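Single-structure report; data block below.
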Amino acid sequence: MARLTRRGFLGAAATAMAAGTQLSLVRPAAAAAGSVTVTPDPSYQHEKFEGWGTSLVWFANATGHYPDEIRERIAELVFGRDGLALNIARYNIGGGNAPDVRDYLRAGGAVQGWWQAPEGTTREDTDWWDPANEDHWNEHADATQRWWVDRIKKDITHWETFSNSAPYFMTVSGYVSGGFDSSKDNLKESSVEEFAAYLAGATKRLEQAHGIRVKTVDPCNEPNTTYWGTQLGADGRPTGGRQEGCHIGPGLQQKIVPALADALKKAGTNAVVSAMDETNLGTFATNWNSYPAEVKARVGQMNVHTYGTGGRTSVRDLAKAEGKPLWMSEVEGDWGDGQSFTDMRPGLGLAQHIVDDLRELEPTAWVFWQPVEDWDNMKPGGESAKGGNWGEVQVSFSATADDTLETCPVYTNTKFDTARNFTHYIRPGDRLVKVDDTNSAAAVTRGGTGATVVHVNSTTDVRTVTIDLSKFGVVRPHATVTPVVTSADGKLDARPAVAVRGGKATFTVPAQSVTTFLIKGVSGVAKDAATLRKGRLYELTGVQSGKDVTVADDGTALVIKAGTGAAGQQWRLQQVVDTGADNRRRYVFTSAANGKRLAVRADVPVVETDSGERDAATQWIMSSTGDGTWTLVNVGTGKLLEVGGQATNEGAAVTTWQANSGANQRWKVTDVTS
């Protein structure tokens with residue numbers, strides 16, 4: 001049993017990486033199985049993938065002072081090439097409670113702030129801090145998390161700093177665990193400028209102290225939620241919260257973004273603002289759509305969490321409309337019904353979540369909340385009677401200097417195993433591509449001479465998977481597909497290479513398994529692979545309405561009508577604006593009926609005479625999850641072509657609206673070129 005990379009085999013045994021698990025070479029018996037054909041499509045490539053990452057808190061804060069053998073084991077499991085091989089790290093700039101507040105946060109949650117209060121300072125003292133006063137900065141703050149910065153900096157290609165809460169003296173409640181009313185802003189509006197200065201100052205000091213370059217800074221974590229609240233007990237001391245958090249509504253976010261952008265520039269760091277780390281896609285869209293254009297322009301990268309999964313395509317299209325990179329910047333989960341290091345369900349749940357994020361959201365990076373969780377919290381009898389499966393690695397957050405790996409073991413669960421099916425084989429510089437199977441994600445390699453498909457079989461039956469390579473321009477005579485299987489019977493178990501015959505390779509994957517297919521000997525794009533090609537004619541049929549986009553009788557407006565094949569329902573792809581990635585390429589459509597181009601004027605889609613000038617309102621970005629349907633994002637307005645009011649009647653108006661992942665915003669695109 002071995003781990004296979006694109007560059008060959010690694011000899012380390014899987015058992016060396018996974019404490020608490022036993023592997024065997026038992027193969028599942030062959031049986032009549034369900035079957036699926038998976039077709040990776042390199043004609044629709046995403047931007048270059050930046051990689052896989054993690055936030056450092058709280059595990060870094062909790063373990064940075066541990067005995068060497070324990071923290072080195074953790075480091076190898078999370079950042080080592082045989083471990084999760086993460087290359088992105090998010091450093092948490094702690095807010096920090098007042099010196100006279102007794103710690104009440106969860107293990108690892110009390111992250112030290114970068115400020116240095118004068119002796120005798122209490123929670124009531126809130127107007128003493130001056131960012132220009134060097135005595136008010138603690139250059140030695142947060143030693144445990146910063147141990148991790150030094151340990152992993154050779155592995156990290158993108159550093160991001162982020163904040164869960166401003167320091168206590170900038171908050172309304174006086175506590176970093178949130179306001180007394182969790183639905184109201186807990187950052188003082190009068191503290192926006194100094195909060196920006198605090199984040200910029202800490203980021204610059206981190207860079208200088210550790211010789212790293214921070215690329216992005218996100219000032220808010222899940223800000224427009226009611227998660228973050230503080231309660232006081234009868235003795236006046238805080239009892240709730242458990243972690244740093246700060247409600248910051250969209251209005252206040254709009255003040256923070258430009259203030260932080262200016263503060264970063266003033267501090268002399270090249271980092272840009274990322275925003276806004278919202279808990280789910282719908283809340284992110286609500287926040288983002290409230291931002292005026294000048295605030296959006298100050299954001300360099302869009303960050304979203306996928307704890308809620310509805311609306312992935314909405315945020316995808318918002319990012320495309322803005323021309324900004326998009327990260328899935330945090331998620332974690334449990335899956336299963338109690339802690340288990342061998343139950344495949346947690347690993348399968350995580351793997352399917354990753355597949356869905358990669359296919360529907362099209363992020364340039366995918367980031368764990370923290371792959372290392374507190375064993376004391378997750379073990380049976382902890383916070384839950386059955387325990388939990390959060391994290392891919394679990395270790396006690398209460399170890400002492402006298403502990404060893406024997407007394408403080410480091411455990412891994414099946415999420416660790418299945419995550420490596422992605423992180424080992426879809427690497428930075430690769431490009432994710434469209435794929436027509438909802439249980440699969442696919443990518444082409446950085447050099448363009450190979451590909452990777454990761455397939456999740458969550459069922460209790462074996463499944464025959466055929467990899468169809470017909471969309472590639474070149475399939476060499478000796479092309480191969482090597483399955484690397486993670487199941488209850490093995491972890492990253494490289495099976496014999498399967499020869500490609502007739503452009504296809506077939507392999508039966510085990511029940512409850514994640515299989516990575518390493519494809520060698522393919523390159524380019526087949527001539528007829530792309531759905532959208534210059535000079536071809538297309539019909540646009542509404543997914544909800546079942547009717548075609550049609551030029552209205554006035555020759556200007558657009559309506560939907562039953563398909564008749566008339567020229568007024570056909571659209572010629574006239575021009576493509578190459579933006580470097582297929583999934584953000586811009587298209588211009590003209591009506592086959594009158595030669596007029598499809599544009600948006602005053603938020604209304606129209607057909608207009610082509611003046612020869614291609615302004616943004618005449619250009620469309622096309623998005624697809626691989627299911628055969630598309631959204632059309634207008635470059636000028638950022639809004640999507642849709643059927644207004646979800647109408648289905650003949651002659652209903654075609655309009656535009658903000659992305660909402662509705663069926664009335666999706667279109668079947670059919671090539672009707674004779």
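Observations
- Among residues of segment 527-544 being in a loop (DSSP other than H, G, I, E, B) and open to solvent by less than 20 Å² (accessible area, probe 1.4 Å), the one that is nearest to GLY502 (Cα to Cα) is ALA529.
- Segment 588-628, residues that are among the polar types (S, T, N, Q), open to solvent by less than 20 Å² (accessible area, probe 1.4 Å) and under 23 Å from ASN660 (Cβ atoms): GLN619, SER623, SER624
- Any chance THR438 is out of contact with any helix residue (DSSP H, G or I) (no Cβ under 9 Å at 6 or more places or on another chain), open to solvent by 20 Å² or more (accessible area, probe 1.4 Å) and either outside any loop (DSSP other than H, G, I, E, B) or touching a residue at least 12 places away in the same chain (Cβ under 8 Å) (or both): no
Every residue, every condition in (1) in contact with a Phe, Trp or Tyr (Cβ under 8 Å, 6 or more places away or on another chain); (2) among the small types (Gly, Ala, Ser), yes or no:
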| site | (1), (2) |
| --- | --- |
| ALA562 | no, yes |
| VAL577 | yes, no |
| LYS596 | no, no |
| ASP615 | no, no |
| ALA659 | no, yes |
| GLY662 | no, yes |
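- If you go through segment 494-506 and keep only what is farther than 21 Å from ALA443 by Cβ and either open to solvent by less than 50 Å² (accessible area, probe 1.4 Å) or among the acidic types (Asp, Glu) (or both), you end up with just ALA499.
- When the residues of segment 187-198 are filtered to those that are open to solvent by 20 Å² or more (accessible area, probe 1.4 Å) and in contact (Cβ under 8 Å) with a residue 12 or more places away in the chain, the one that is nearest to the chain's Cα centre (by Cα) is ALA197.
- Which listed residue is open to solvent by less than 40 Å² (accessible area, probe 1.4 Å) and of a type in the set (Val, Ile, Thr), from VAL635, VAL672: VAL635
- Across segment 199-218, not a single residue is classified as open to solvent by less than 10 Å² (accessible area, probe 1.4 Å), assigned to a loop (DSSP other than H, G, I, E, B), of a type outside the set (Lys, Arg) and touching a residue at least 12 places away in the same chain (Cβ under 8 Å).
- Segment 534-568, residues that are within 35 Å of the chain's Cα centre (by Cα) and over 21 Å from TYR587 (Cα atoms): GLN544, SER545, GLY546, LYS547
- All strands (runs of 3 or more DSSP E) inside segment 1-97 with 2 or more residues being modelled with pLDDT under 95 and not β-branched (Val, Ile, Thr): 3-5, 8-10
- Those residues of segment 444-462 which are open to solvent by 40 Å² or more (accessible area, probe 1.4 Å) and either in contact with a helix residue (DSSP H, G or I) (Cβ under 9 Å, 6 or more places away or on another chain) or in a strand (DSSP E or B) (or both), in sequence order: SER458
- Taking the criterion of being within 15 Å of VAL549 (Cα to Cα) and of a type in the set (A, V, I, L, M), the residues of segment 634-658 that qualify are LEU640, LEU641, VAL643, ALA647, ALA652, ALA653, VAL654.
- Filtered residue count, segment 547-562, keeping only those that are open to solvent by less than 50 Å² (accessible area, probe 1.4 Å) and not in a strand (DSSP E or B): 5
- Candidates THR306, THR230, THR283 - the one that is open to solvent by less than 40 Å² (accessible area, probe 1.4 Å), among the β-branched types (Val, Ile, Thr) and over 30 Å from ARG666 (Cα atoms): THR230
- Output for segment 143-172, where each listed residue is among the polar types (S, T, N, Q), part of a loop (DSSP other than H, G, I, E, B) and surrounded by fewer than 24 Cβ atoms within 10 Å (Cβ to Cβ): THR157
- Of the residues in segment 413-424, none is open to solvent by 10 Å² or more (accessible area, probe 1.4 Å), of a type outside the set (Ser, Thr, Tyr) and under 30 Å from THR39 (Cβ atoms).
- For segment 463-475, the set of residues classified as open to solvent by 10 Å² or more (accessible area, probe 1.4 Å), part of a strand (DSSP E or B) and hydrophobic (A, V, I, L, M, F, W, C) consists of VAL474, VAL475, listed by residue number.
- Qualifying residue in segment 294-311 (condition: under 19 Å from THR656 (Cα atoms), in a helix (DSSP H, G or I) and touching a residue at least 40 places away in the same chain (Cβ under 8 Å)): no
- Some residue of segment 267-282 being of a type in the set (Val, Ile, Thr), at pLDDT 95 or above, under 13 Å from the mean Cα position of the chain (by Cα) and not in a strand (DSSP E or B): no
- The lone criterion from (1) open to solvent by less than 40 Å² (accessible area, probe 1.4 Å); (2) charged (D, E, K, R); (3) farther than 27 Å from ALA285 by Cα left unmet by ARG237 is number (1).
- The number of residues in segment 334-361 being open to solvent by 10 Å² or more (accessible area, probe 1.4 Å) and under 27 Å from VAL299 (Cβ atoms) comes to 4.
- Within segment 385-405, the residues that satisfy the criterion of being in contact with a helix residue (DSSP H, G or I) (Cβ under 8 Å, 6 or more places away or on another chain) and exposed (fewer than 15 other Cβ atoms within 10 Å of the Cβ) are SER398, THR404, LEU405.
The values are calculated or read from the model by the stated rules, or taken from the named source; none is laboratory data. Here the structure is a predicted model, which is why all the values come from computation and not from measurement. Cβ sites come from the backbone with ideal geometry, for glycine too, and all protein chains shown count toward neighbours. Accessible surface areas use protein heavy atoms only, side chains included; no ligands, DNA or RNA. Shrake-Rupley method; radii C 1.70, N 1.55, O 1.52, S 1.80 Å.
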